[in-house]
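To start, the structure itself, in structure tokens.
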Amino acid sequence: MEDLIRSKMHEALDVEQPDGDLRSRVFRSLPAYEASRPRFRLPSFRWAPELIAIFLAVALVGGLLYARGSLGLPGSGTSPRVSTPAGPFAQVSMMTATDGWADPNWNGHPRRTTDGGAHWTDVSPPSAFVGGARSSHFLDASHAWVVDTSWTPRIRFLAHRTTNGGRSWQQGAQVTVDVVSPAALDENALGGPSLNFLDPEHGWLLFDWILQAKSPASEHFNVLYRTSDGGLHWTLVSTNSWSFIGAPLTSGCPWGGPLVFTSLTTGYMNNPDRTYEPGRTQDCSTPNQLSLHVTHDGGRTWQFQALQVIGLNTSCGYVCVVGAPDFVDPLHGFLMLAGSTLLATSDGGTTWSLRSTPGSSLDASSIAWLNASDGWAWTFTAATVPLYRTRDGGATWTRIDTNLVGQTRDGWIGALYFVDQRTGFAYRATEAGGISVLLKTIDGGVTWTDVGRFN
Amino acid sequence: MTGKLVSDLVSAAKAGDRSAFDELVGPFVNQAFRLAFGMLHDREGAEDAVQEAALRSWRKLGNLRAGTEMRPWFLAIVANQCRTMVRGRWWSVLRLDSPLESVGSAFEDRIVRGADVRAALRKLAIEHREALVLRYYLDLPLEEVAAITGVPVGTVKSRINRGLAAMRPHFTPVEALT
């Protein structure tokens, strides 16, 4: 049996071999030896003149952009849809048939399209800090946020907000995170927050950092903030620390993004792989039970909510909840479980019921919902991508044959989603997820054409 | 590589000798890439992880204690880097319901082969994926897997068991399915 496993692993993973010169490239790139140099440090003073010049240039350009934006048109109306977490198409978020956002490199530098994806313009605001990290979040065609985070000399962040599709940005107040010292964090695991906005004013921001000194037995430290003025100011809501490596686990229950809030008080966070770990002493969830991680007080406290579903065997010893709940409005949402099991709620997530699925290998990125009734699901082989359409919230499904090809030399169809009954988007991605081509349908998913390309 | 030679190389590397560092870590670069690719399923990401890990290990040479085995030390840094990269990446997109029935080129054949196992591996918790890759792809003994992952051997066994349980449909001999 072990030989079979080894053989299968080699068959699966030998598809890529290192370049012959990887070793020499690695060692050519080493800098002069300097022990224990911090990764995120302030530049030395010998660069000061250049930095000052860059700062002045950025400030000038930023000021001009801000001034131009302040004279621009006000933002358009907001979508009634609950802001769902950054999911499988977080890198490209088409909000309407023509308007969309993209952050193709995951670096908080959003691009914007107004012609259905044919052309993209970098609309990112100037960085507030030298170094650090950026995160982006897109609520609708008008509203988006970019958060800058820095760890030197102390942990700080601030949000940039746009209400007019990136034509101008308003910079929020700087927040100093004083509940943890930057010296306590693993410098190699620093990252920006995950964001979720319920509406243009109310949002949450979650940092998930790893404390150093216990590596590789990573201990996490989480900080949750909320805003009620569109990101201009943030209030600390709660903190948490936990570890999933090394039993017994004593420090706390796991937190993690993405977040999704359905009201000012109720929200969910998704961390499916770590809801149960044998040997833990902390009772985070009921062992072997399906559960969601939920708050009912705006994020101050979180509980694991067991899922009791009639007709579903809730015994689960491994990964059960494979995706965050996808709420299409404050009451209606869907949840994919392992084993292509689809659940639906019509009371904001309190109770869930079983729905049918058209395939046996679906996961959270396999189904897209336009509203509580209209959804699309896809299963595909390398050669074909049949779509399935439901108009009754997953009770029944109808097959649509498409012209999509699952696999080409350019990559694979990564995800499909719809912005109205006839208009949908998909992208073709490399195996690692790097987007290369955006595809669009205007006939409900039968025919798809290339409309844009990312590098 | 004898113990004396390693200690000499470590001393030389600590003094800033890159060729000594190359001799110490270079032999493990290919294994490091395979570990990183097994965890990330991304060629460029795997190369980046190896490069970053080499940089980290170069900078942390001063912390290296006498007698430390180089391979688990370096692979632990690679694995740590991969875990960090995985946490920063919230999704992966590739799924393949069934292999291409008739492949027309070596490229397609190479990619399609094993796609179901790769897809299943991606659904594992990163700690379980890491344990399976180290044990069954790099063929390392349990003790070394434990050293690399920083957990007791018993925990490694538990992770392997849970990983294998989730992967069982892909590791079942064909004849057993009929």
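Out of A:Leu224, A:Ala141, A:Asn196, whose Cα points farthest toward the positive end of the dipole of segment A:131-239 (charges: +1 Lys, Arg; -1 Asp, Glu; placed on Cβ)?
Value computed over the given set: A:Ala141.
Working out 0.36 nm times the residue gap between A:Asp229 and A:His10, then minus their Cα-Cα distance, what length gain in nm do you get to one decimal?
On the way: separation 219, 0.36 × 219 = 78.84 nm, distance 5.29 nm.
So the chain would gain 73.6 nm between A:Asp229 and A:His10.
Based on other C-beta atoms within 10 Å, arrange B:Arg83, B:Arg18 from fewest to most. Write out the running numbers ahead of the final one.
Numbers: B:Arg83 25, B:Arg18 16.
Fewest-to-most ranking of B:Arg83, B:Arg18: B:Arg18, B:Arg83.
Taking H as built 1.01 Å from N, whose amide H comes closer than 5 Å to the amide H of A:Ser241, not counting residues under 5 places away?
For A:Ser241, whose amide H was placed from the backbone, the distant partners under 5 Å are A:Asn222.
When the Karplus curve 6.51 cos²θ - 1.76 cosθ + 1.60 is applied with θ = phi - 60°, which whole-Hz ³J(HN,Hα) does each residue of segment A:294-306 get, with x for Gly and Pro?
With the stated coefficients, segment A:294-306 comes to 9, 10, 10, 10, x, x, 5, 10, 10, 9, 8, 9, 5 Hz.
What list of ³J(HN,Hα) values in whole Hz, one per residue of segment A:263-269 in order, does the Karplus curve 6.51 cos²θ - 1.76 cosθ + 1.60 (θ = phi - 60°) give from phi, with Gly and Pro shown as x?
Calculated HN-Hα couplings, in order: 7, 5, 10, 9, x, 10, 10 Hz.
Quick one: Karplus J couplings for segment A:370-379, per residue in order, coefficients 6.51, -1.76, 1.60, θ = phi - 60°, nearest Hz, x for Gly and Pro?
8, 7, 5, 10, 8, x, 10, 10, 9, 10
Just the Cα atoms of segment B:8-80, one point each, no solvent: what log10 I(q)/I(0) does Debye give at q = 0.14, 0.28 Å⁻¹?
-0.40, -1.31
For a footprinting-style exposure proxy, rank B:Cys82, A:Cys253 by other Cβ within 10 Å, fewest first.
Numbers: B:Cys82 29, A:Cys253 20.
Fewest-to-most Cβ neighbours within 10 Å comes out as A:Cys253, B:Cys82.
So if we plug the beta-carbon distance of A:Asp297 and B:Asp8 into 1/(1 + (r/R0)^6) with R0 = 51 Å, what FRET efficiency do we get, rounded to 0.05? Don't jump to the answer; show the numbers that get you there.
Working: r = 61 Å, r/R0 = 1.20.
Taking R0 as 51 Å, the efficiency between A:Asp297 and B:Asp8 is 0.25.
We did not get these values from a lab; they are worked out from the coordinates using the rules stated. Quantities reported herein were computed from a predicted structural model and do not represent experimental measurements. Counting neighbours? That spans all protein chains shown, and the Cβs are built from the backbone with ideal geometry, glycine included.
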